[in-house]
Amino acid sequence: MNDKQSPQSETVAWNGIVSDTVLALAKGSVGYFTGSKALLGDALYSGADAAARLAEALPWRPEKGKKQRAARRAAAGTNGKEPIITILFSVLILMAGLQMTFSAIRDLTRGHLSTVPPAALVTVLISILVKEGIFQYQYRYFKKIGDGSHAAYADSHRFSLYSSVAALMGITLSMIGGYISWSPLLYMDPVAALLTSFLILRKGYTMIAASIYGKTSQELPSAEAANFIETVGRVHGVIRVEHLQAVEQGRYVNLQVKISVNPRITVMEAQDISECARKLLQHRFVHVGEVHMDVVPYDPGYPYKTNHQLADNDIPTLLQ
């Protein structure tokens, strides 16, 4: 398996981790001093995002015996990260989500809420802009290089955006309630915190489920697999790519490829062609993991000659 990433890809991934950590600290500090539970909940979700990406980015396992473990990971369908550390992060995220849930419910039941200061609103707006800018950069970069992980980035960003939008709405409505002296709107801040706590609990659950059962496989659409087909088609000796299935498994993409070759070549020559195609895929696309190659003789179909006729006929064909 191709277990190494390019330095630029690692830099882009670490930029996302650092930005999530900084946003979590900034929103948490402002939320604590302003008393906004919604902003605190959004800060916890940003911290959960950073912890989840950190669990995927850090090289938990040593290099020794990596190829043997990679083969076992592919057979088991897991992403190969150390489950103990990931489960520890998941438990911490679940505890933070439960704490935020109980805190929001306590504020809702006690009442006597105060208006959220404008600093909380400014902070959540800036965080949304910064987060969107970083996401667009990461998404376009990984999509440009053909990395299948851009779909996972989009999914993670969507729920992160839900958390920030919920905090924004809760803070805004709470401020409006304070300005017009309508107390029911003051409850919107803890209500938004309660919503973000559910998203945090979901984040922790998905992390611990992926650690125990492994990440689910997701087949990439045909548009994403077009780059793989074009690369295989350039290999000398490949007449046509009969079938290519790209399955996203964690941060890697596993390929199932069927190619057709000249039916008059030997078995060893066909194996050399398939091996060349496999190495080219893993060398060009750093996120490609396992590649299973199937080789079949090319059949032009009616009205041309079929494969079984070629063995008994010495008349040359167009395929030489």
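The values are calculated or read from the model by the stated rules, or taken from the named source; none is laboratory data. Here the structure is a predicted model, which means the values were calculated and not measured. Cβ sites come from the backbone with ideal geometry, for glycine too, and all protein chains shown count toward neighbours.
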Cβ contacts < 7 Å: first residue under 15 Å from Ile239 (Cα atoms), restricted to segment 263-286; second residue of a type in the set (Gly, Ala, Ser) and surrounded by 13 or more Cβ atoms within 10 Å (Cβ to Cβ), any location; separation 6+ or different chain. Result?
Ile273/Gly237
Checking the structure you have, find out if any residue of segment 57-75 is at pLDDT 75 or above and in the same structural domain as Leu194 (by TED's automatic domain parsing).
no
Does Ser36 meet the test of being crowded, with 21+ Cβ neighbours inside 10 Å, under 22 Å from the mean Cα position of the chain (by Cα) and modelled with pLDDT of 75 or more?
no
Looking at Val286, is it part of a loop (DSSP other than H, G, I, E, B), in the same structural domain as Ile229 (by TED's automatic domain parsing), modelled with pLDDT of 55 or more and aliphatic (A, V, I, L, M)?
yes
Do the conditions hold for Ala104, that is, is it in contact (Cβ under 8 Å) with a residue 24 or more places away in the chain, under 20 Å from Leu199 (Cβ atoms) and among the small types (Gly, Ala, Ser)?
yes
Examine segment 185-205 for a residue that is assigned to a helix (DSSP H, G or I), without any contact (Cβ under 8 Å) to a residue 12 or more places away in the chain and assigned by TED's automatic domain parsing to the domain that holds Asp42, and state whether such a residue exists.
no
